[in-house]
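Quick one: the structure is below, questions incoming.
FYI, it's all coordinate maths here, none of it is from the lab. These numbers come from a predicted model, not from an experiment. Cβ: placed from backbone, ideal geometry, glycine included. Neighbour counts: every protein chain shown.
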Amino acid sequence: MNITYTRQGDYNLPNLTMPEQPQVELGVYAHLRRRFLKNHHKILYYNLLTSCKLIEHLADIENQALEMEEMLVRQMAEQQGVTEALKAQDQMLWVARMNNIRNAAKEIVCNELIYMV
C-alpha cells in the first residue's frame with residue numbers, strides 16, 4: 001500500500017479518501033434520519049459514515065418509513081370510514097380527514113423509526 005501525505009502546517013496528514021458509494025435517491029425520511037443522527041447521536045453517525053454504511057442505512061430507513069406510512073394511512077382510513085363513497089359525497093370532508101390521517105401517520109413513523117436509536 002502506498003500512502004501519500006500532505007503537509008498541513010507542521011503536520012503530515014495522510015491523503016485518505018472514502019470508497020465510491022452507490023448513488024441513491026434519498027427522501028424526506030432519510031434526510032430527517034441523517035439530521036437526527038448527526039445532531040443527537042454523533043458517534044453512531046460517524047461510525048456509519050466511516051464504515052460506508054450510512055447511505056445503505058438511510059435508504060433502508062426510507063423504505064421502511066414509506067411502507068409503514070402507507071400501511072398506517074390505509075388502516076386508519078379504514079377504521080375512520082374514509083372511503084371512496086365519502087369522497088364522492090363530500091370531497092372537502094374527505095380531504096380534511098385524509099390530511100389528518102396522513103399527518104398522524106407521519107408523526108407515528110417519525111417517532112417509531114426516525115427518532116429512535
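Compute the normalised compactness of the range 1-66: alpha-carbon radius of gyration over 2.2 N^0.38 Å, N being the residue count.
1.45
Additional query: Let me have the 222 nm mean residue ellipticity of the chain computed from DSSP H runs of 4+ only, each contributing -39500 (n - 2.57), with the sum over all residues rounded to the nearest 500.
-20500 deg cm²/dmol
Compute from the Cα atoms of the chain the Rg and the Dmax, the latter being the longest Cα-Cα distance, and quote both in angstrom.
21.8, 76
Less than 16 Å from a label point 7 Å out along the Cα-to-Cβ axis of Val24: which backbone N atoms in the range 38-55 qualify, by residue?
38, 45-55
As I understand it, the value is the acute angle between the Cα axis of helix 91-109 and the longest principal axis of the Cα atoms of the chain; what does it come to in degrees, rounded to 10?
Tilt of helix 91-109: around 40 degrees.
Here's something else I'd like to know. If a/c stays under 1.5 just call it rounded; otherwise compare a/b with b/c (prolate if a/b is bigger, oblate if not). Do that for the range 49-117, with a ≥ b ≥ c from the square roots of the Cα gyration tensor eigenvalues.
It comes out prolate by the Cα gyration axes.
Sticking with this one: For Lys87 and Gln75, calculate 0.36 nm times their separation in residues minus their Cα-Cα distance, and state this gained length in nm to one decimal.
Full-extension gain reported as 2.6 nm.
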